[in-house]
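The values are calculated or read from the model by the stated rules, or taken from the named source; none is laboratory data. Note that this is a predicted model, so its numbers are computed, not measured. With ideal geometry, Cβ positions are generated from the backbone for all residues, glycine too; neighbour counts draw on all protein chains shown.
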Amino acid sequence: MDELLAQLDSRDETVQAESAAIHEIKHNEHADANGKQDPKNRFKARQARKAAALAESYAPSNPEEQARLQREADEENDAILKVCTDFSLEVHQINPDGHCLFSAVADQLCLLGLIPPSEATYTNARKAAAKFIHSHPEDFLPFLPSSLGEDGDGALDAGFMTPEQFDSYCTSMRDTAVWGGEPEIVALSRAFHIPIHVVQGGMPPIVVHHPSGEQGGQDFASESAIWISYHRKLYGLGEHYNSLRPIRKPA
(Lines give C-alpha, C1' and ligand atoms only; values in the text may rest on other atoms or scores of the structure.)
Protein backbone atom coordinates (compact mmCIF):
# COMPACT_ATOMS: atom_id res chain seq x y z
CA MET A 1 0.00 0.00 0.00
CA ASP A 2 2.81 2.46 0.89
CA GLU A 3 4.46 1.90 -2.51
CA LEU A 4 1.12 2.51 -4.26
CA LEU A 5 0.55 5.71 -2.27
CA ALA A 6 4.04 6.88 -3.20
CA GLN A 7 3.28 6.30 -6.89
CA LEU A 8 0.05 8.27 -6.59
CA ASP A 9 1.79 11.11 -4.75
CA SER A 10 4.39 11.32 -7.50
CA ARG A 11 1.69 11.41 -10.15
CA ASP A 12 -0.19 14.16 -8.28
CA GLU A 13 2.94 16.32 -8.12
CA THR A 14 3.31 16.01 -11.89
CA VAL A 15 -0.32 16.92 -12.49
CA GLN A 16 -0.08 19.95 -10.19
CA ALA A 17 3.08 21.16 -11.93
CA GLU A 18 1.38 20.97 -15.30
CA SER A 19 -1.93 22.48 -14.21
CA ALA A 20 -2.53 26.13 -15.02
CA ALA A 21 -4.51 28.46 -12.78
CA ILE A 22 -8.26 28.22 -13.12
CA HIS A 23 -9.13 30.07 -16.37
CA GLU A 24 -12.92 29.92 -16.32
CA ILE A 25 -15.80 30.00 -13.92
CA LYS A 26 -16.96 26.41 -13.63
CA HIS A 27 -20.41 25.57 -15.03
CA ASN A 28 -21.62 22.69 -12.93
CA GLU A 29 -22.79 22.71 -9.30
CA HIS A 30 -23.08 19.92 -6.75
CA ALA A 31 -26.77 19.04 -6.44
CA ASP A 32 -28.53 19.27 -3.11
CA ALA A 33 -28.21 16.09 -1.04
CA ASN A 34 -32.00 16.00 -0.68
CA GLY A 35 -33.06 14.12 -3.79
CA LYS A 36 -36.75 14.87 -3.20
CA GLN A 37 -36.41 18.53 -4.14
CA ASP A 38 -37.77 19.53 -7.55
CA PRO A 39 -34.95 19.47 -10.16
CA LYS A 40 -35.71 22.99 -11.39
CA ASN A 41 -35.64 24.37 -7.86
CA ARG A 42 -32.40 22.52 -7.18
CA PHE A 43 -30.91 24.10 -10.29
CA LYS A 44 -31.95 27.58 -9.13
CA ALA A 45 -30.54 26.89 -5.66
CA ARG A 46 -27.24 25.75 -7.13
CA GLN A 47 -27.02 28.88 -9.26
CA ALA A 48 -27.77 31.07 -6.24
CA ARG A 49 -25.11 29.35 -4.13
CA LYS A 50 -22.56 29.73 -6.90
CA ALA A 51 -23.36 33.44 -7.29
CA ALA A 52 -23.09 33.94 -3.52
CA ALA A 53 -19.72 32.18 -3.39
CA LEU A 54 -18.42 34.28 -6.27
CA ALA A 55 -19.68 37.47 -4.64
CA GLU A 56 -17.93 36.53 -1.40
CA SER A 57 -14.65 35.90 -3.21
CA TYR A 58 -14.69 39.42 -4.69
CA ALA A 59 -16.16 41.20 -1.68
CA PRO A 60 -14.24 44.22 -0.33
CA SER A 61 -11.88 43.43 2.51
CA ASN A 62 -13.80 43.51 5.77
CA PRO A 63 -12.20 42.13 8.94
CA GLU A 64 -15.50 41.00 10.44
CA GLU A 65 -16.60 39.34 7.22
CA GLN A 66 -13.23 37.69 6.73
CA ALA A 67 -13.38 36.40 10.30
CA ARG A 68 -16.85 34.95 9.68
CA LEU A 69 -15.74 33.21 6.50
CA GLN A 70 -12.66 31.81 8.22
CA ARG A 71 -14.78 30.57 11.13
CA GLU A 72 -17.17 28.80 8.74
CA ALA A 73 -14.24 27.23 6.86
CA ASP A 74 -12.72 26.03 10.14
CA GLU A 75 -16.04 24.56 11.31
CA GLU A 76 -16.46 22.73 8.02
CA ASN A 77 -12.91 21.40 8.19
CA ASP A 78 -13.35 20.25 11.79
CA ALA A 79 -16.53 18.36 10.89
CA ILE A 80 -14.81 16.59 7.98
CA LEU A 81 -11.76 15.74 10.09
CA LYS A 82 -14.00 14.25 12.80
CA VAL A 83 -15.42 11.76 10.29
CA CYS A 84 -11.89 11.04 9.08
CA THR A 85 -10.81 10.27 12.64
CA ASP A 86 -13.80 7.98 13.16
CA PHE A 87 -12.89 5.94 10.08
CA SER A 88 -9.07 6.20 10.23
CA LEU A 89 -8.85 8.35 7.11
CA GLU A 90 -6.71 11.33 6.20
CA VAL A 91 -7.26 14.09 3.66
CA HIS A 92 -5.17 13.79 0.53
CA GLN A 93 -5.16 17.20 -1.13
CA ILE A 94 -6.33 17.33 -4.75
CA ASN A 95 -5.37 20.16 -7.08
CA PRO A 96 -8.21 22.76 -7.29
CA ASP A 97 -8.19 22.94 -11.07
CA GLY A 98 -11.79 22.12 -12.02
CA HIS A 99 -11.00 18.41 -12.28
CA CYS A 100 -10.93 17.80 -8.52
CA LEU A 101 -13.92 15.45 -8.30
CA PHE A 102 -12.56 13.23 -11.05
CA SER A 103 -8.99 13.30 -9.71
CA ALA A 104 -10.24 12.35 -6.24
CA VAL A 105 -12.31 9.44 -7.55
CA ALA A 106 -9.44 8.25 -9.78
CA ASP A 107 -7.13 8.30 -6.76
CA GLN A 108 -9.60 6.16 -4.81
CA LEU A 109 -10.20 3.72 -7.66
CA CYS A 110 -6.47 3.09 -7.83
CA LEU A 111 -6.17 2.60 -4.06
CA LEU A 112 -8.92 -0.01 -4.25
CA GLY A 113 -7.17 -1.81 -7.11
CA LEU A 114 -9.98 -1.14 -9.57
CA ILE A 115 -7.68 0.64 -12.03
CA PRO A 116 -3.86 0.64 -12.39
CA PRO A 117 -1.86 3.75 -11.41
CA SER A 118 -1.25 4.56 -15.07
CA GLU A 119 -5.00 4.98 -15.60
CA ALA A 120 -5.67 6.93 -12.39
CA THR A 121 -6.25 10.27 -14.11
CA TYR A 122 -9.08 12.78 -14.15
CA THR A 123 -9.23 12.34 -17.93
CA ASN A 124 -10.21 8.69 -17.65
CA ALA A 125 -12.66 9.39 -14.82
CA ARG A 126 -14.30 12.14 -16.88
CA LYS A 127 -14.64 9.80 -19.85
CA ALA A 128 -16.23 7.10 -17.69
CA ALA A 129 -18.74 9.50 -16.12
CA ALA A 130 -19.68 11.17 -19.41
CA LYS A 131 -20.07 7.84 -21.18
CA PHE A 132 -22.34 6.43 -18.49
CA ILE A 133 -24.52 9.55 -18.34
CA HIS A 134 -24.84 9.69 -22.12
CA SER A 135 -25.80 6.00 -22.21
CA HIS A 136 -28.52 6.44 -19.55
CA PRO A 137 -30.35 9.68 -20.42
CA GLU A 138 -33.56 8.56 -18.72
CA ASP A 139 -31.72 8.37 -15.38
CA PHE A 140 -30.05 11.78 -15.60
CA LEU A 141 -32.17 14.17 -17.67
CA PRO A 142 -34.62 14.79 -14.77
CA PHE A 143 -31.68 16.17 -12.79
CA LEU A 144 -30.20 18.29 -15.58
CA PRO A 145 -32.47 21.31 -16.16
CA SER A 146 -31.81 23.45 -19.19
CA SER A 147 -29.27 26.15 -18.42
CA LEU A 148 -31.69 28.60 -20.06
CA GLY A 149 -34.61 27.58 -17.81
CA GLU A 150 -38.01 26.21 -18.76
CA ASP A 151 -38.74 29.26 -20.92
CA GLY A 152 -35.45 29.03 -22.76
CA ASP A 153 -35.26 28.43 -26.49
CA GLY A 154 -35.83 24.74 -27.19
CA ALA A 155 -36.30 23.69 -23.56
CA LEU A 156 -38.73 20.86 -22.97
CA ASP A 157 -42.02 21.45 -21.14
CA ALA A 158 -40.55 20.52 -17.76
CA GLY A 159 -37.57 22.83 -18.29
CA PHE A 160 -35.13 19.97 -18.88
CA MET A 161 -32.40 19.79 -21.49
CA THR A 162 -33.17 19.05 -25.09
CA PRO A 163 -31.36 16.07 -26.66
CA GLU A 164 -28.91 18.49 -28.26
CA GLN A 165 -28.20 20.22 -24.95
CA PHE A 166 -27.75 16.83 -23.28
CA ASP A 167 -25.19 15.80 -25.90
CA SER A 168 -23.36 19.09 -25.37
CA TYR A 169 -23.42 18.62 -21.59
CA CYS A 170 -21.85 15.17 -21.86
CA THR A 171 -19.21 16.39 -24.31
CA SER A 172 -18.27 19.31 -22.05
CA MET A 173 -18.11 17.03 -19.01
CA ARG A 174 -15.78 14.70 -20.91
CA ASP A 175 -13.51 17.22 -22.61
CA THR A 176 -13.31 20.39 -20.49
CA ALA A 177 -12.57 21.48 -16.92
CA VAL A 178 -16.22 22.06 -16.08
CA TRP A 179 -16.98 21.11 -12.47
CA GLY A 180 -18.46 17.70 -11.80
CA GLY A 181 -21.17 17.22 -9.17
CA GLU A 182 -23.98 14.96 -8.05
CA PRO A 183 -24.86 13.47 -11.48
CA GLU A 184 -21.21 12.60 -12.10
CA ILE A 185 -20.80 11.01 -8.66
CA VAL A 186 -23.84 8.83 -9.32
CA ALA A 187 -22.51 7.93 -12.78
CA LEU A 188 -19.06 6.99 -11.46
CA SER A 189 -20.55 4.87 -8.68
CA ARG A 190 -22.61 2.93 -11.18
CA ALA A 191 -19.93 2.74 -13.86
CA PHE A 192 -17.42 1.17 -11.47
CA HIS A 193 -20.01 -0.71 -9.38
CA ILE A 194 -18.83 0.70 -6.07
CA PRO A 195 -20.38 2.95 -3.39
CA ILE A 196 -19.07 6.49 -3.13
CA HIS A 197 -19.14 8.06 0.35
CA VAL A 198 -19.00 11.86 0.32
CA VAL A 199 -17.93 13.42 3.63
CA GLN A 200 -19.10 16.99 4.14
CA GLY A 201 -19.38 19.70 6.77
CA GLY A 202 -23.18 19.77 6.68
CA MET A 203 -25.85 17.21 7.44
CA PRO A 204 -25.74 14.36 6.94
CA PRO A 205 -21.98 14.18 7.51
CA ILE A 206 -21.71 11.27 5.05
CA VAL A 207 -23.74 11.20 1.83
CA VAL A 208 -23.82 7.71 0.34
CA HIS A 209 -24.18 6.91 -3.35
CA HIS A 210 -24.77 3.21 -4.01
CA PRO A 211 -24.64 1.72 -7.51
CA SER A 212 -28.05 0.21 -6.81
CA GLY A 213 -29.50 3.57 -5.75
CA GLU A 214 -30.22 2.31 -2.21
CA GLN A 215 -30.00 4.84 0.59
CA GLY A 216 -29.45 4.52 4.34
CA GLY A 217 -28.62 1.68 6.68
CA GLN A 218 -25.02 1.24 5.55
CA ASP A 219 -22.30 -0.26 7.72
CA PHE A 220 -19.63 2.12 6.50
CA ALA A 221 -16.70 0.27 8.03
CA SER A 222 -17.55 -3.15 6.57
CA GLU A 223 -17.80 -2.40 2.86
CA SER A 224 -15.36 -1.47 0.15
CA ALA A 225 -16.11 2.06 -0.97
CA ILE A 226 -14.69 5.25 -2.41
CA TRP A 227 -14.23 8.00 0.22
CA ILE A 228 -14.01 11.64 -0.86
CA SER A 229 -14.55 14.93 0.97
CA TYR A 230 -16.72 17.79 -0.25
CA HIS A 231 -15.69 21.33 0.73
CA ARG A 232 -17.85 24.41 0.21
CA LYS A 233 -15.67 26.87 2.11
CA LEU A 234 -12.12 25.74 1.38
CA TYR A 235 -11.55 27.95 -1.67
CA GLY A 236 -13.02 31.34 -2.50
CA LEU A 237 -14.32 30.32 -5.93
CA GLY A 238 -16.57 27.56 -4.61
CA GLU A 239 -16.71 23.83 -4.17
CA HIS A 240 -13.85 21.37 -3.99
CA TYR A 241 -13.30 17.62 -3.56
CA ASN A 242 -10.40 15.81 -1.92
CA SER A 243 -9.54 12.12 -1.67
CA LEU A 244 -9.72 10.46 1.76
CA ARG A 245 -7.00 7.85 2.05
CA PRO A 246 -6.48 5.30 4.83
CA ILE A 247 -4.07 6.63 7.44
CA ARG A 248 -0.60 5.23 6.86
CA LYS A 249 0.68 3.12 9.71
CA PRO A 250 4.25 3.80 10.90
CA ALA A 251 6.75 1.36 9.43
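The table below lists the values:
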| quantity | calculated |
| --- | --- |
| Those residues of region 210-251 which are farther than 14 Å from ALA73 by Cα, at pLDDT below 95 and not in a loop (DSSP other than H, G, I, E, B), in sequence order | PHE220, ALA221, SER222 |
| Selected residue [at pLDDT 95 or above and in contact with a Leu (Cβ under 7 Å, 6 or more places away or on another chain)] from ALA125, ALA191, ALA130 | ALA125 |
| Count of region 143-169 residues which are at pLDDT 90 or above and surrounded by fewer than 13 Cβ atoms within 10 Å (Cβ to Cβ) | 2 |
| Qualifying positions in region 104-129 - out of contact with any Gly (no Cβ under 7 Å at 6 or more places or on another chain), of a type in the set (A, V, I, L, M) and surrounded by 24 or more Cβ atoms within 10 Å (Cβ to Cβ) | ALA104, VAL105, ALA106, ALA125 |
| Selection count where residues are under 15 Å from TRP227 (Cα atoms) and without any contact (Cβ under 8 Å) to a residue 12 or more places away in the chain, scope region 103-149 | 1 |
| Enumeration of residues in region 42-89 that are outside any helix (DSSP H, G or I) and at pLDDT below 60 | TYR58, ALA59, PRO60 |
| Selection within region 80-97 - closer than 22 Å to PRO204 by Cβ and either touching a residue at least 40 places away in the same chain (Cβ under 8 Å) or not hydrophobic (A, V, I, L, M, F, W, C) (or both) | ILE80, LYS82, VAL83, CYS84, THR85, ASP86, PHE87, SER88, LEU89, GLU90, VAL91 |
